[in-house]
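The values are calculated or read from the model by the stated rules, or taken from the named source; none is laboratory data. The structure displayed is predicted, hence computed values, not measured ones. In this analysis, Cβ positions are derived from the backbone assuming ideal geometry, glycine residues included, and neighbour counts consider all displayed protein chains.
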Amino acid sequence: MLWLYLHFPHLVLDHIRRTRENQGALVIVEGSGQKVIQACPEAMSQGIRSGMRLKTAISLAPDLGIVRADETQEARILEDQARWLYRYAAHIVLVPPDGLLAEIGSLQKLYGGLPAVWQTVEQGLNERQLNAWIGIGYTPLAARLIARAGKGECTADKGHILRSLSQMPLLAAEFDEKACTRLQRLGLNTLGEVFDLPSGELARRLSPELLAYIQKIQGTRPDPRTPWQPPHSFRQQADFVQEIEHTQGLLFPLQRMLAELEEDLCWRQQDTDSLRLVLKHRHSEPTRLQIRTSGPEHRADNFLNLIRLRLEQHSLSSPVISMVLLVKRFLSREAPAGQDLLGETRDLNEAWHTLISRLQARLGDQALRQLSPQADHRPERAWSASEVLRKTGAPLIPAAELPRRPLWLLKGPQPLTEAPVTWFSGPERISGGWWDGQRVHRDYYIAQLNSGQLAWVFRDAREGWFVHGWFG
Amino acid sequence: MSAQSYAELFCFSNFTFLTGASHPHELAEKAHELGYTALAITDACSVAGIPRAWAALANSPVKLITGSWFELSDTPTGASTPRFILLARTRKGYGQLCQLITTGRRRAEKGQYQLFYRDIETHSLDDCLCLWLPPAPTEADSDQALTCGEWLARLFDPRIWIAAARTLESGEEQHLARIHWLADQLRIPVAAVGEVHMHSRERQPLQDVLTALRNHTNLENAGHCLFQNGERYLRPLPVLKRLFPATWLAETLVIAGQCTFEPGSLRYEYPPDLVPEGETPAGYLKRLTREGERRRYPEGTPLQVQSLIRKELGLISEMKYEHYFLTIHDIVAFARSRGILCQGRGSAANSAVCYCLGITEVNPANVELLFERFISKDRNEPPDIDVDFEHERREEVIQYIYRRYTRERAALAATVIRYRPRSAIRDVGKALGFDPALVEQLLEGIDWRDKATNWRQQILDKKITRNPKVADQFFTLVNTLLGFPRHLSQHVGGFVISAGPLAELVPVENAAMADRTVIQWDKDDLESLGLMKVDVLALGMLSAIRKALELISEQKGKTFHIQDVPQEDPDTYAMLQKGDSIGVFQVESRAQINMLPRLKPATYYDLVIEVAIVRPGPIQGDMVHPYLRRKHGLEPVDYPNDAVRKVLERTLGVPIFQEQVIKLAMVAAGFSAGEADQLRRAMAAWKSHGDLTPFREKLVTGMLERGHDADFAERLYQQICGFGGYGFPESHAASFALLVYVSAWIKRHYPAAFYCALLNSQPMGFYSPSQLVQDARRHHVTVLPPDVNASQWDHTLEGKERHLRLGLRIIQGLSVNGAERIHQNRPAGGYRSASELRRLATLNQRDMELLAGANAMPAFTANRHQAYWQLLDHEQPTELFAEEVAVDYQPEYCQQLPEPSEGQNVLADYASQGLTLQRHPLALLREQGHLKFCLSAEQLKSTKAGIPVQVAGLVTGRQRPGSASGVTFVTLEDETGNVNVVVWLETARRQRKPLLTARLLHVKGVLERQGDIVHVMAGRLSDLSHLIQSLPVHSRNFH
C-alpha cells in the first residue's frame, strides 16, 4: 500500500485567512490566551513561532491578529477536508488535529501514474486556498514523517523514500520526549542511525514500544488504520409523473418519505430538529423550505404535522416536478428528562414542546418570544424577550430576590402630568449602568393619581418627574 | 446630646480588599471635611487600615475609632448568620479585638478568615462594643433574626446596638420595619450607620468594578451582585438628618463617646528577658559595650572613640533605646555562636557602640567623620538597623527568634502588595469585559518608562474600544485603582517582637509560606505608630565570603577571619580600577564595571561613593559627571557657604547620598526638621503612591532665596525624585562598601577560593556559573570537570595548586543524597565501573543517566554516548556477596554509536551543567569560518574608536535600565570575554526580532571608547542562533 499524507501546518489560520481581506500577521492562541499555537507565514517571517508566549509575539508584531483556538472548529475543518479528499480516495484516515492520510496505491492506475495523483491533490489544495505539506510513503507513519518534515517528493521509489527517512533528524521523528532525549544522549542524530541499532538491544535498552514504533515506520510491523466514514446524511427524493399543483398533493408522498426517515433515525438511534424540503420546478429555481422542530424529534407524525402547517401557509409558485427531503443534522437521542413516576411532567413538557413548535411553524421563529428577568438594577433592563427556551427550567433569579416592580412597565417613561394624591413608598434610589452608556440615576416612588391608579413614578437627576409603570 | 454631629461607625476602607473603594486617608479626610465627630474604620476581620487613617487624622478633631466587621462561618441554632461590628472601647478592648481577629485569621488560608459563634462565646470581649447588623427580610425570617439578636444580646448587653443603614434600595422599608420590631423585642437601642464603602459617591464606578472582580465576573454580567446605587458613602450631615431619626444619630455619639482607645497610645514594650536579673538595661548595655571595646581595641580604645561611645550611650539612654540595641546584639551573638556571618547597616548600625557589640565591622576609628546622623533626637524616629545574614543560613536565625521569643511574641511585618499599572489595567479591563488577549497586547505596547504615558490614546489605538467615553472611564478607573492594596504579603525580614502577646498589639495572620505569620501592618504603619522592628535580611555575598574565608583558612592552616583582611590594599584597588570586578559584591554590574575605571577608587570611602553613585538618584540628578570632574581635578570644588560645605565636603560639593539631599533641603532651602522628615517619607513612598510635587516649589524657591542657582535646585529636585523608592543612604553604603572591599581583596589574592566560594553559594549575584568559571580561567585558575572519582557535592580546591574541582552540584538535576553517597562510599582506588558505582553508591537510574550526560565517569567510560549505552541496560539484581568478577569491569561497547564531536560535547556540557570546560562554542564557530569578519572581545580592546566593527557572541544579558532612556544594553560573550553592545531605541524598534529572540547575536556597529571602556554602538543585528544548533553536524565534517 502506498500512502499519501497531507499535513496542514495552519489549517484554522488558512480557513480564516481565505475569508479575510487584510492579510496581516495572524496567530492562533491557546484557550487561555497565553501561548501561540499556530502562526501564519507572515507572522513567522516576523519571528513568531508556535509555542512562543503571546507577550513575546506581540512585542515582535504589535499589530498581530489573534484568534483563539477552538478544537471543535478545527475538527470540523479537518473533516471538511476529508470529505473533499474522499472524492479521490476511498481509504482515508483522519489524523487529528492537522493531518489526513489517503491510500493511493490503487489510484495510480486510475489517474495514470503518481504524478497525476499528486497534481490533482495539489491543484485541489490551491483551489481551496489551503497550505498543506504532502508526503508519500509505504507506511502511514513514513508518509506522515516525510510530510511533516516538509521533505515530500513525488516518488514511489522505495530506496528514495528510505533515504529521506534515514536522513531525518531525530527531533523530526516524533519520538516521545523521553525516548528522544535518550537517543540524543547516545549521540544519535538521525532516524537512520536509530534504524542501524540492533533491534534486540534497542528493545532491551530503550523500550519495546520504541522498537514497535520504528518497525511501524519501516513497515515490518502492521499499523492498521481505521478508514474514515463520510457522515451519512438522509436524502430521499420523490419524482412525480404528474406535476403537482397544490401543496395538499405533496402530503401523500411525504408520508412515505417521513416514514423512511423515522426508520432511518431509529436505526441510527438519533434525532433531528431540522428538515429541508426542496421542491423542484420545471422552469424556475427550486423552492427550499426549512422546517424546524422545537426539540429533538424522530416521529414521522410530528414531522408531518409541522410540514402540513408550513405548507398551508405556502402557496406554490409553480408546479412541482420532484421533491427532496434532506436531513443533515443529527442529534444524539437523550433519555427523556425529568420523568416522574406518573409521567405527568413529561406530558407537560411534551405539550409545551408541541405548542411552541406549532406556534413557531404558524408564526415563524422570529414572532415568538419568551419573557425572562435579567439581573440588572435598571428597570428597563431588568427583563428580556429572548428566544423561546427549549426546556422549562428553574428561573435564573430566585423570585424572593426580585425587587418590587409594577406588572406593567411602560415602554418608555412618560412625563408625569399631574401631582399625585397620595405617596405610598419611596424613595428607592437606582443608580448604575455607567459602564454601557445607559446610565440611570433616579429616585422611584409609588404614588396614587387622581384617577385612583397606582403609578410607579421617578424623579431623575434633572429633577423631571416621570411615570414608568402601573401597579395592578 | 445634640444631633448636630455624627459618628460614622461602619466604614470599609480598601483594606477590605475588592470591597472598599477608598483609601483610609481619603475616608479620614472626608470625615474631617464633613465635620463628623468620629470615624470608625471597620474592615473585615482586620485593622490594617487603622494606622493610615490615624496618621491622616493626626491634626484633626475627628476621633478615630478602631473596629472591625465580622461575618461568622456558622450560626447559633435557629439563628440567621451573625454579622456585626466590634469597636475597641479601651486599650484592653483593642487587645481583645486583635486577639479575635488573630484567631479568625490564623485558622484560615492566607487572606481569608474563619470565625465560629463559639469563638465569640469563648473569647473575652468585655471591653468591646457590638453593633449588630440584622439580616434583611429576604435573607432570613423574623424568628431567625430574633434568635440571632438574642444570642448577641446575651453576650454583649448592655454594650450592644442595632445598626441601621439607609441605602435607599428596594426592600428598605421592610428592613427598617424589622429593625424597629427587633429593637422593640430585644430592648436594644438603634444607632445609625452609613455602611460606608467609599468616601464619596464618585467612587461608585470603582466600587462596582471591585465588586465585579470579587465575584469573578464583569460589569455586564455582575447584575445583582452590584449595589443598586452609590449611597454607601460618607454623607453630609444635612442628608443624614433627613434620613435618620434624631435618636439614632444621637446614639452614634454615645457610642463614640465610650470609645477612648487611641492607636497612638500603643507603645512598644520591649521584651524584658534580654537583661540579666539585677541589672538595668542601660547598665547591661554599657557592660556589653565595654567588653566589646576590649575585644576590638586590645591596645586600648582611642580617645576619640571613647568619647563617641560615651555620647552614643547617653543618647541611647535618653531615648530609651537600650532594649533595641540589646535585641539586635542578642540575635547577632547567636549568629556568631553558629559561625553565621552577618553585618549590620543603617543609620544606627555604623556607630561605635554597634562596632563594639559586633553588629558591624565598620570601624569608627577609620571613618569617624561619617556618622553624625546616629539617632535623630529631633524627630521621634526609631533607630534603624538592618542586619544581613548569610543567605543560606538566615532561616536558622529566624528559627532562633521564634524559639527565643515564641510565635506568640514574634512575627514578620507585612508588606502591602498594591495595584501597579499592569495589574490595574488587567483588572479594570477584565471588569469592563475587554478581551484579555487585547489587554495583554495593550500592556505589551505601553512604554512604562515613558513619563507622559498616554494610555488613553494607546487604548484607542489598540481598538480595545472605539468609544472614547469608555476609554476615559477606563483611564480614570485605572488611575484611581493604582496604589490600592491587593493583599498582605510578608516583609523580607522585618520582625516585630513584643513583651506581651503580640496578638494584643496587632492581629497576626498567616503568610503564604508555611509556618510563617505576619502582622497586619507594614513598615510604614509601624513607623507612624512609633513601633520598632528588627530587620533580618539575607545576603548571598556573606555566604560566599564565609566559605572563601574557610578555604583560605584551610590553605593557611590557621583560622582566617574577616578582620584579618589587611586594610587599604593597593593591589585590590588597582584591580578594581581596571573594572575587573566580576563576582565582587555590589560593583559587578555592567554599569558599575564601567564606572570603576572612571571613578578609580583608591580608598575605602571611594568605595562607599562607588556603591551609591550608580543609582537612579545621582544619575537622574545629573550628579555623576560633576563628581567625577571634581574628583579628577578638572573642576574646582567650591561651596556657597559653610553650612553647605559641612554637608557636602565628603563628596566634593556634589550631593550623592540620600542623607545629604535631605540635609541640603534644610541648609540650602530652609526646610524645617519636620518638613525634611516629611520629604524623607514622601521619597520613600513616591514609587507607589507618594507625591513629591508639593516639595518642588518649596525647594526651588527656598534655594533661590538663599542664593543658589536655579539649575542646581532643579537637579537636586530630580535627584530627590530619583531617590524615590530606591533611596540609598550613606549609612547603608558604608556597610556595603566594607563587603565590596573584602570580596575584592579575596578575588585579588585568593582567586581560586573566591570563585569556588561564589560557585558554592549559587544562586546569587549577577553572573551565571558559566560566566564565573570563564572569569576564573581568565584569572589563571585551573578548573577541573566533575568526576565521580574526584568530586564532592560542593566545588572544592584540590591539592597544593588549589585547582578548582567542580562539584557534582553543577550537574543539573542530580540528587544531593546520591552525590553525597558517591563521595562517601568511594573506594580508595576510585570506582572501576558503572555497575560498581551504581551498586556502591546505590544510585537510581536517573542519577546514573545524569552522570553519564555530564561525562562525569571518565575513568571507565569511553565517552558520554557509550556511558549512556551502558546505563540503559536495566539494573541486574545484585547479589549481596557476589564475587566481583573481571567481567564486571569489562565495559560494554556499541559499535554503531558515533563518537561525540567536540561541538556535541560542548552542547552536551551546556545541557548538563550550563557551562563547558572545553572550547567556547564561539571558538568552534570561528574555526569553522562562520564568523569571518567578527572581532573578538580581546581584539576590540586594541581597536581604535570610531571604526565600524562586527562582533558576535552568546547573548548573556539584555537590559533596559530605567535611568537610560530607551537604550537597551546587550552583553555578548565569546571565547575571550564580554562585548558590550548599546542599542538605541530606534535601532531596537526596527530590529525587535533578533534583539529579543537571538541566543547567538551578530552585530554590525561602530566601536566607541571611553578610556578603557569599550562599547559597540549597534547598527545591524542578525540572529545566528541556528549556528548553535548545527554545531555538531558541521563539526563532524572536520573529523
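Here residue A:243 meets the list (1) part of a helix (DSSP H, G or I); (2) assigned by TED's automatic domain parsing to the domain that holds residue A:324 almost entirely, failing just condition (1).
Checking each residue in the stretch A:412-442 for being out of contact with any helix residue (DSSP H, G or I) (no Cβ under 9 Å at 6 or more places or on another chain), assigned to a strand (DSSP E or B) and more than 14 Å from chain B (Cβ to nearest Cβ) picks out A:414, A:415, A:422. The set of residues in the stretch B:79-99 that are within 34 Å of the chain's Cα centre (by Cα) and surrounded by fewer than 24 Cβ atoms within 10 Å (Cβ to Cβ) comprises B:91, B:95, B:96, B:99. Per the listing A:221, A:225, A:205, the residue uniquely away from chain B (no Cβ under 12 Å), over 35 Å from the mean Cα position of the chain (by Cα) and over 30 Å from residue A:266 (Cβ atoms) is A:221.
Any chance the stretch B:164-171 includes a residue that's part of a helix (DSSP H, G or I), surrounded by fewer than 20 Cβ atoms within 10 Å (Cβ to Cβ) and within 14 Å of another protein chain (Cβ to nearest Cβ)? No, because not a single residue in the stretch B:164-171 is part of a helix (DSSP H, G or I), surrounded by fewer than 20 Cβ atoms within 10 Å (Cβ to Cβ) and within 14 Å of another protein chain (Cβ to nearest Cβ). If only residues of the stretch B:203-222 that are more than 10 Å from every other protein chain (Cβ to nearest Cβ) and in a loop (DSSP other than H, G, I, E, B) are counted, the one that is surrounded by the most Cβ atoms within 10 Å (Cβ to Cβ) is B:217. When you look at residue A:123, is it within 13 Å of chain B (Cβ to nearest Cβ), closer than 30 Å to residue A:108 by Cα and either of a type in the set (S, T, N, Q) or in contact (Cβ under 8 Å) with a residue 40 or more places away in the chain (or both), yes or no? When the stated conditions are applied, residue A:123 does not pass them.
Taking the stretch B:922-942 as the range and being surrounded by 14 or more Cβ atoms within 10 Å (Cβ to Cβ) and part of a loop (DSSP other than H, G, I, E, B) as the test, the residues that pass are B:928, B:930, B:931, B:934, B:935, B:936.
Results for (1) away from chain A (no Cβ under 14 Å); (2) out of contact with any strand residue (DSSP E or B) (no Cβ under 9 Å at 6 or more places or on another chain), shown as yes or no for each residue.
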{"residue": "B:967", "(1), (2)": "yes, no"}
{"residue": "B:982", "(1), (2)": "yes, no"}
{"residue": "B:989", "(1), (2)": "no, yes"}
{"residue": "B:995", "(1), (2)": "no, no"}
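Please indicate, with yes or no, whether at least one residue in the stretch A:70-89 is in a helix (DSSP H, G or I), of a type in the set (Phe, Trp, Tyr), more than 30 Å from residue B:998 (Cβ to Cβ) and modelled with pLDDT of 90 or more. Checked against the condition, which is being in a helix (DSSP H, G or I), of a type in the set (Phe, Trp, Tyr), more than 30 Å from residue B:998 (Cβ to Cβ) and modelled with pLDDT of 90 or more, the stretch A:70-89 yields no hits at all.
Go through the residues of the stretch B:223-232 one by one and say whether even a single one is acidic (Asp, Glu) and surrounded by 17 or more Cβ atoms within 10 Å (Cβ to Cβ). Checked the stretch B:223-232: at least one residue is acidic (Asp, Glu) and surrounded by 17 or more Cβ atoms within 10 Å (Cβ to Cβ).
Restricting attention to the stretch A:386-410, the residues that are modelled with pLDDT of 80 or more and more than 9 Å from chain B (Cβ to nearest Cβ) total 5. Restricting attention to the stretch A:99-122, does a residue exist that is in a loop (DSSP other than H, G, I, E, B), within 20 Å of the chain's Cα centre (by Cα) and not hydroxyl-bearing (Ser, Thr, Tyr)? No, there is no match, as no residue in the stretch A:99-122 is in a loop (DSSP other than H, G, I, E, B), within 20 Å of the chain's Cα centre (by Cα) and not hydroxyl-bearing (Ser, Thr, Tyr).
Yes or no: residue B:955 surrounded by fewer than 19 Cβ atoms within 10 Å (Cβ to Cβ) and assigned to a strand (DSSP E or B)? Judged against the criteria, residue B:955 is not a match. Identification of helices (runs of 4 or more DSSP H) wholly contained in the stretch B:268-348 with 3 or more residues that are among the hydroxyl-bearing types (Ser, Thr, Tyr) yields B:322-337. Applying the condition of being within 18 Å of residue B:256 (Cα to Cα), crowded, with 17+ Cβ neighbours inside 10 Å and of a type in the set (Gly, Ala, Ser) to the stretch B:32-77 and asking which residue is modelled with the lowest pLDDT yields B:53. Name every residue in the stretch A:31-66 that is at the interface with another protein chain (Cβ under 10 Å from one of its Cβ atoms), buried (at least 18 other Cβ atoms within 10 Å of the Cβ) and in a strand (DSSP E or B), in order of residue number. Selection gives A:66 alone. Reported count of residues in the stretch A:219-251, each being modelled with pLDDT of 85 or more and in contact with a Phe, Trp or Tyr (Cβ under 7 Å, 6 or more places away or on another chain), is 1. Summed over the stretch A:106-129, the residues that are of a type outside the set (S, T, N, Q), closer than 16 Å to residue A:6 by Cβ and modelled with pLDDT of 85 or more give a count of 7. In this entry, residue B:1016 is excluded by the filter for residues that are in contact with a Ser or Thr (Cβ under 9 Å, 6 or more places away or on another chain), surrounded by 19 or more Cβ atoms within 10 Å (Cβ to Cβ) and modelled with pLDDT of 85 or more.
Checked against the criterion of being farther than 24 Å from residue B:44 by Cβ, within 14 Å of chain A (Cβ to nearest Cβ) and among the polar types (S, T, N, Q), the stretch B:140-158 contains not a single residue that satisfies it. Taking the listed residues B:742, B:773, the one that is touching a Leu at 6+ places or on another chain (Cβ under 6 Å) and closer than 30 Å to residue B:959 by Cα is B:773, with no other qualifying.
Filtering B:608, B:587 for residues that are surrounded by 16 or more Cβ atoms within 10 Å (Cβ to Cβ), in a helix (DSSP H, G or I) and β-branched (Val, Ile, Thr) leaves a single hit, B:608. Just one residue in the set B:398, B:375, B:359 is modelled with pLDDT of 85 or more, over 30 Å from residue B:966 (Cα atoms), among the hydrophobic types (A, V, I, L, M, F, W, C) and part of a loop (DSSP other than H, G, I, E, B); that residue is B:359. Of all residues being under 15 Å from residue B:231 (Cα atoms) and free of Cβ contacts under 8 Å to residues at least 24 places away in the same chain in the stretch A:443-461, which is nearest to the other protein chains (Cβ to nearest Cβ)? Just the residue, please. Per the criteria, the residue is A:443.
Listed here are the residues, each with its yes/no results for (1) at pLDDT 80 or above; (2) closer than 30 Å to residue B:974 by Cα.
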{"site": "B:696", "(1), (2)": "yes, no"}
{"site": "B:703", "(1), (2)": "yes, no"}
{"site": "B:706", "(1), (2)": "yes, no"}
{"site": "B:723", "(1), (2)": "no, no"}
{"site": "B:728", "(1), (2)": "no, no"}
{"site": "B:764", "(1), (2)": "yes, yes"}
{"site": "B:771", "(1), (2)": "yes, yes"}
